[in-house]
Amino acid sequence: QAKKDGKNRLEFYDNNFDGTSYKRLDLEKNMRDATSNACKEFEVYYQPIFDVGKEGNQCTGAEALVRWNSEKLGFISPGEFIPLAEYLGLINPIGQYVLEQACYNCKYWNDMGHPDYKVNVNLSVVQLLQNDIVDVVSDVVKKVGINPQNLTLEVTESLAINDMSRMKNILGEIRKLGIRIALDDFGTGYSSLNHIKEIPLDVIKVDQSFVNDIESDEYAHSFVKLVSELASVIGVKVCIEGVEHAGQYQILKDMKVRLIQGYYFSKPLPLEEFEIKYL
Ligand code: C2E
Ligand code: MG
Ligand code: MG
Ligand code: MG
């Protein structure tokens, strides 16, 4: 009862309470409700990715980024709710919803005169280690009828080394379906240059912290250059995300980086806006 009354909320805030604070319980309850209500409060935004090696910098498609507009709590960013969704096991239904939306939308773009547009969908490690993940992904691709080559799943390297062989197997299975794999946020976490060779990969997305510093920090500059060169040797594409300024863009062009994503071109957009601008 007390929970229903906003005025009583303060009673539940307690610094020693961390994991079970009222705020977290509130978030949890609302997330469970939103998930069981067909994920209607979740919306997929699209941030275009550009090939800057082509005349006029061509849009190649987009990364799908989930947004939660909670009726009760307002707008909550993925950085805030994805970790909790992973913890609660709710990432699977939310992730599947995002995957389906992204595939449906990309299929539409493909049918509307952009047969090469691709969509990237983030997959958390929790989803990836779900027993039937290969079937889940394969079923969505078949149901929607999207060309699997136009779907890229973005994964991070947040796995401990002893899970590596399992992860490699799963990614290998997914790739056999024709779906592409991108390594997200490369250069952070459990990163190892060796993973680039060992994990079945199509694209490396360099973490945005490197591009942030690329104009001022020689290490960041060299890192991006090194990864680009290494990637071209083993036939993997590189995408630099978080590009915000013309100076950064120019440096990357000079390095012959092809794929760029960031506010310099566009923020993530609601579907309608993406379609108005890029279809
Ligand atoms: P990410 O996959 O690395 O996505 C890139 C993030 O950088 C996005 O934040 C995007 O809005 C932001 N970004 C893009 N360009 C720029 C730029 O130029 N400057 C700056 N400062 N930021 C830029 P967002 O949408 O808040 O998502 C945060 C993270 O949440 C994502 O990082 C991803 O790890 C996770 N996430 C988002 N959607 C999903 C989803 O559907 N499923 C899963 N499992 N995770 C998701
Ligand atoms: Mg991503
Ligand atoms: Mg990233
Ligand atoms: Mg990230």
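The values are calculated or read from the model by the stated rules, or taken from the named source; none is laboratory data. Fair warning: this is a prediction, and the values are worked out from it, not measured in the lab. Positions of Cβ are generated from backbone atoms using ideal geometry, with glycine treated the same way; all protein chains shown enter the neighbour counts.
Values for this structure:
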read-out: Test: residue in the range 197-208 that is acidic (Asp, Glu), within 16 Å of ligand 4 (Cβ to nearest atom) and either under 30 Å from Tyr104 (Cβ atoms) or out of contact with any helix residue (DSSP H, G or I) (no Cβ under 7 Å at 6 or more places or on another chain) (or both); value: yes
read-out: Filter pass, Lys225 being closer than 18 Å to Phe50 by Cα and of a type in the set (D, E, K, R); value: no
read-out: Unmet requirement for Asn131, which otherwise passes all of (1) within 15 Å of ligand 2 (Cβ to nearest atom); (2) at pLDDT below 95; value: (1)
read-out: Residue in the range 212-221 that is farther than 22 Å from Lys118 by Cα and either among the hydrophobic types (A, V, I, L, M, F, W, C) or within 16 Å of the chain's Cα centre (by Cα) (or both) present; value: yes
read-out: Residue match in the range 187-208 (condition: farther than 20 Å from Ser158 by Cβ and not aromatic (Phe, Trp, Tyr)); value: no
read-out: Pair list, Cβ < 6 Å and 6+ apart or interchain, from the range 43-59 residues that are without any contact (Cβ under 8 Å) to a residue 60 or more places away in the chain to residues that are in a strand (DSSP E or B); value: Gln58/Asp51
read-out: Residues that are touching a residue at least 40 places away in the same chain (Cβ under 8 Å) and more than 22 Å from Ile196 (Cβ to Cβ), drawn from the range 113-132; value: Gly113, His114, Asp116, Tyr117, Val119, Val126
read-out: Any hit, the range 205-212, residues being more than 16 Å from ligand 3 (Cβ to nearest atom) and either modelled with pLDDT of 95 or more or not in a helix (DSSP H, G or I) (or both); value: no
read-out: Members of the range 185-199 found to be at pLDDT below 80 and among the hydroxyl-bearing types (Ser, Thr, Tyr), listed by number; value: Tyr190, Ser191, Ser192
read-out: Selection count where residues are part of a loop (DSSP other than H, G, I, E, B), in contact with a strand residue (DSSP E or B) (Cβ under 7 Å, 6 or more places away or on another chain) and within 16 Å of ligand 2 (Cβ to nearest atom), scope the range 237-263; value: 2
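Residue-by-condition table, conditions (1) free of Cβ contacts under 8 Å to residues at least 60 places away in the same chain; (2) touching a His at 6+ places or on another chain (Cβ under 8 Å); (3) within 16 Å of ligand 1 (Cβ to nearest atom):
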residue: Ile204; (1), (2), (3): yes, no, yes
residue: Asn212; (1), (2), (3): yes, no, yes
residue: Ala220; (1), (2), (3): yes, no, yes
residue: Leu226; (1), (2), (3): yes, no, no
residue: Ile260; (1), (2), (3): no, no, yes
residue: Leu271; (1), (2), (3): no, no, yes
residue: Ile276; (1), (2), (3): yes, no, no
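Every residue, every condition in (1) within 16 Å of ligand 2 (Cβ to nearest atom); (2) surrounded by 19 or more Cβ atoms within 10 Å (Cβ to Cβ), yes or no:
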| position | (1), (2) |
| --- | --- |
| Glu173 | no, no |
| Lys176 | no, no |
| Ile181 | yes, yes |
| Asp184 | yes, yes |
| Leu193 | no, no |
| Pro200 | no, no |
| Val203 | yes, yes |
| Gln208 | yes, no |
| His221 | no, no |
